[in-house]
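Reviewing the structure listed below.
The values are calculated or read from the model by the stated rules, or taken from the named source; none is laboratory data. For clarity, every value in this text was computed on a predicted model and none was experimentally measured. Note that each Cβ is placed from the backbone with ideal geometry, even for glycine, and that neighbours are counted across all protein chains shown.
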């Protein structure tokens, strides 16, 4: 049950964006830039980092939504997401992505836990400074997003259809909370 009055049928962060649209805009712009903006990491890889951090933070809404977004954008996405959220080091992803996920996990624990060994491993696997930077920022941002969603007790649907609908919209149109809320069939969320 939400800790403040929120739109009853909007899930997760979408309810918070509807509650305070003026904060929604910059948060959506940040998500759009980090997860879909220009990068040598694919949008699916960046969504996978977000899903992994969210799973470690046990945020149901963010794990479910960003897992759906990653699945929709990665080859064999369902398997890859399941493997990474279970154990990224044994997942069938590139050595570079494994190294970046290791860094993301360290950031999720505490930013000061990022080790020189993890950074050296990422560079040895071909990660650029920009990719390392963006991985750290995605991980840090998702710690904030996860705490925002969970800290206000938002409604977190358990049905995959809600997250699949959000994924279709995000993949097609990008991050825009007002449009995403409208794209959902809110009658199914009651």
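Run residue 18 past the list (1) within 16 Å of residue 166 (Cα to Cα); (2) buried (at least 18 other Cβ atoms within 10 Å of the Cβ) and report the number of the one that doesn't hold.
Unmet condition: (2).
Given (1) surrounded by 13 or more Cβ atoms within 10 Å (Cβ to Cβ); (2) within 25 Å of residue 147 (Cβ to Cβ); (3) at pLDDT 95 or above, where does residue 79 come up short, assuming only one miss?
That leaves (2) as the condition not met.
Out of (1) assigned to a loop (DSSP other than H, G, I, E, B); (2) in contact (Cβ under 8 Å) with a residue 40 or more places away in the chain; (3) out of contact with any helix residue (DSSP H, G or I) (no Cβ under 7 Å at 6 or more places or on another chain), what's the single condition that is false for residue 38?
Of everything listed in (1) assigned to a loop (DSSP other than H, G, I, E, B); (2) in contact (Cβ under 8 Å) with a residue 40 or more places away in the chain; (3) out of contact with any helix residue (DSSP H, G or I) (no Cβ under 7 Å at 6 or more places or on another chain), residue 38 misses just condition (2).
So how many residues does segment 114-131 have that are assigned to a helix (DSSP H, G or I), touching a helix residue (DSSP H, G or I) at 6+ places or on another chain (Cβ under 6 Å) and surrounded by fewer than 22 Cβ atoms within 10 Å (Cβ to Cβ)? Give the steps one after another, and end with the answer.
Here is the first cut: in segment 114-131, the residues assigned to a helix (DSSP H, G or I) are 116-124, 129-131.
Within this subset, residues satisfying the condition of being touching a helix residue (DSSP H, G or I) at 6+ places or on another chain (Cβ under 6 Å) are 118, 121-122.
Among the residues that remain, those that are also surrounded by fewer than 22 Cβ atoms within 10 Å (Cβ to Cβ) are: 118, 121.
Count: 2.
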